[in-house]
Amino acid sequence: MPKICATLLSSVFILLGANSCYAEKKYDPGASDTTIKIGNTESYSGPASAFAIIGRTQAAYFKLINDQGGVNGRKIEFLSYDDAYSPPKTVEQARKLIESDEVLLLYSTLGTPPNMAIIKYINGKQVPHLFIASGGTVFGDHKKYPWSMGFQPHTEGETRIYGRYVAEKYPNAKIGVLYSGDGFGRDNITGFKQGLGDGAKNIVAEVTYESTEPTVDSQLLKLRAAGVEVFANFTTPKFAAMAIRKAGEMGWKPVQILHGISISVGSVLKPAGLDHATGVISANYAKDVDDPAWADNEGMKKFLAFLAKYMPDEDKRNSNLVYAYTSAQAMTHVLKQCGDDLTRANVLKQAESLNNLELDLLLPGITLTTSPTDHYPIEQMQMQRFDGSSWERFGPIINID
């Protein structure tokens with residue numbers, strides 16, 4: 001009998017030991033029993049300051065999560081620094097976040113040039129670099145940069161959609177393209193020409209701009225002079241608004257294709273002039289607050305309630321609000337999936353394990369899916385046309401390749 005008792009006690013201790021190991025909390029820098037530190041760089045000033053609303057919205061969303069008790073009982077500390085869309089400044093801020101603030105991960109760092117300036121450093125440090133706020137195709141290169149991951153549809157894939165659309169609908173039209181003289185712009189023109197296929201021979205003018213230029217008036221004049229009938233406006237919000245307005249003021253009315261990062265009614269189309277923007281064609285993967293189809297949608301109701309409580313003075317028609325809310329919701333999901341294993345390796349593992357994740361503001365049929373060999377979470381879009389007051393969707397959901 002004593003021998004049996006001893007055996008039973010031994011078994012109990014073994015089980016208790018196993019459960020203790022199973023429940024063990026694991027932390028890397030930036031995580032504790034009470035806090036998860038997330039680092040971010042944002043263009044709160046400079047030529048891309050139209051995107052500053054993204055950082056403010058993400059901060060507000062994490063406040064919502066903290067007000068609800070945090071993630072698995074831990075509050076999110078969102079450290080977001082201004083880099084003015086200047087790559088050297090981004091490097092400085094990223095080093096500060098990792099080496100001084102000791103964040104667990106970097107999240108939604110904005111822009112192609114700024115992220116290219118820090119991507120090797122971050123991957124060398126083996127810090128998760130998640131849901132990057134850029135469509136740069138390189139940010140999904142899991143072999144070269146295994147710790148980095150994009151979020152929105154990658155730029156080459158998006159502009160391939162536009163190229164195919166133009167090739168089908170306007171096979172003989174003269175095409176002109178305006179794009180930035182950086183990595184973002186190179187991705188745009190590359191994908192567009194791939195989509196056009198043989199139709200790329202119809203491009204009669206390619207003009208670029210730099211983010212420091214005060215206007216793009218001279219570029220628009222060159223495109224009009226070239227007899228362009230289809231204008232691919234692949235620009236960031238500030239320059240997209242300038243280009244749409246200038247074309248309208250010149251009385252120049254080509255078919256206009258607008259890049260998806262510049263579709264905000266509030267921050268782009270209104271400043272450009274809604275009359276000038278009427279008829280512009282683009283694509284999206286998220287719901288539009290002006291679309292009556294979502295009036296009774298639960299996800300949209302949650303989003304509008306969030307805005308009413310945490311960002312009551314913002315223009316709900318600014319599509320960057322939708323982007324930021326969706327991105328922050330995805331980041332929160334990843335952190336929840338981490339449980340009590342808040343190591344950098346597990347954060348990356350969970351980010352690579354999304355399986356048809358549905359979020360409040362994604363269009364029906366569009367979900368987030370990732371794997372260790374797929375760092376492009378969103379790979380579907382739908383075409384849309386601006387009718388002078390809101391975007392009207394048309395055609396099927398399109399898979400990007």
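The values are calculated or read from the model by the stated rules, or taken from the named source; none is laboratory data. Everything quoted here is computed from the prediction, not taken from an experiment. Positions of Cβ are generated from backbone atoms using ideal geometry, with glycine treated the same way; all protein chains shown enter the neighbour counts. Surface areas here come from the heavy atoms of the whole protein model, side chains and all, with no ligands, DNA or RNA. Shrake-Rupley method; radii C 1.70, N 1.55, O 1.52, S 1.80 Å.
Points to keep in mind about this one:
- Selection within segment 137-150: residues that are in contact with a His (Cβ under 7 Å, 6 or more places away or on another chain) and crowded, with 20+ Cβ neighbours inside 10 Å. The member of this set that is modelled with the lowest pLDDT is THR137.
- The set of residues from segment 357-385 being touching a residue at least 40 places away in the same chain (Cβ under 8 Å), open to solvent by less than 30 Å² (accessible area, probe 1.4 Å) and outside any strand (DSSP E or B) comprises LEU359, ASP360, LEU361, LEU363, ILE366, THR370, HIS375, PRO377, ILE378.
- The residue pairs whose first member lies in segment 40-51 and is within 22 Å of LEU104 (Cα to Cα), whose second member is β-branched (Val, Ile, Thr) and buried (at least 24 other Cβ atoms within 10 Å of the Cβ), and whose beta carbons are closer than 6 Å, counting only pairs six or more residues apart or on different chains, are THR41/THR90; THR41/THR109.
- If the condition is being β-branched (Val, Ile, Thr) and over 30 Å from ASP291 (Cα atoms), then segment 323-363 contributes THR343, VAL347.
- Residues located in segment 272-298, provided they are part of a loop (DSSP other than H, G, I, E, B) and within 18 Å of ALA241 (Cα to Cα): GLY273, THR278, GLY279, VAL280
- Boolean, ASN123 is under 14 Å from the mean Cα position of the chain (by Cα), in a helix (DSSP H, G or I) and either over 20 Å from TYR285 (Cα atoms) or of a type in the set (Asp, Glu) (or both): no
- Residues of segment 80-108 that are open to solvent by 30 Å² or more (accessible area, probe 1.4 Å) and under 25 Å from PHE303 (Cβ atoms): SER80 alone.
- For segment 60-78, taking the residues that are open to solvent by 30 Å² or more (accessible area, probe 1.4 Å) and not in a helix (DSSP H, G or I), the one that is nearest to LEU307 (Cα to Cα) is identified as GLN68.
- Consider segment 24-45 and keep the residues that are out of contact with any helix residue (DSSP H, G or I) (no Cβ under 9 Å at 6 or more places or on another chain) and not small (Gly, Ala, Ser). The one that is least open to solvent (accessible area, probe 1.4 Å) is THR35.
- When residues of segment 46-59 are limited to those that are open to solvent by less than 30 Å² (accessible area, probe 1.4 Å) and not polar (S, T, N, Q), the one modelled with the lowest pLDDT: ALA48
- Some residue of segment 89-108 being modelled with pLDDT of 95 or more, closer than 28 Å to GLY195 by Cβ, within 22 Å of the chain's Cα centre (by Cα) and not basic (Lys, Arg): yes
- Condition broken by GLN329, with the remaining ones in (1) closer than 24 Å to GLY55 by Cα; (2) part of a loop (DSSP other than H, G, I, E, B) satisfied: (2)
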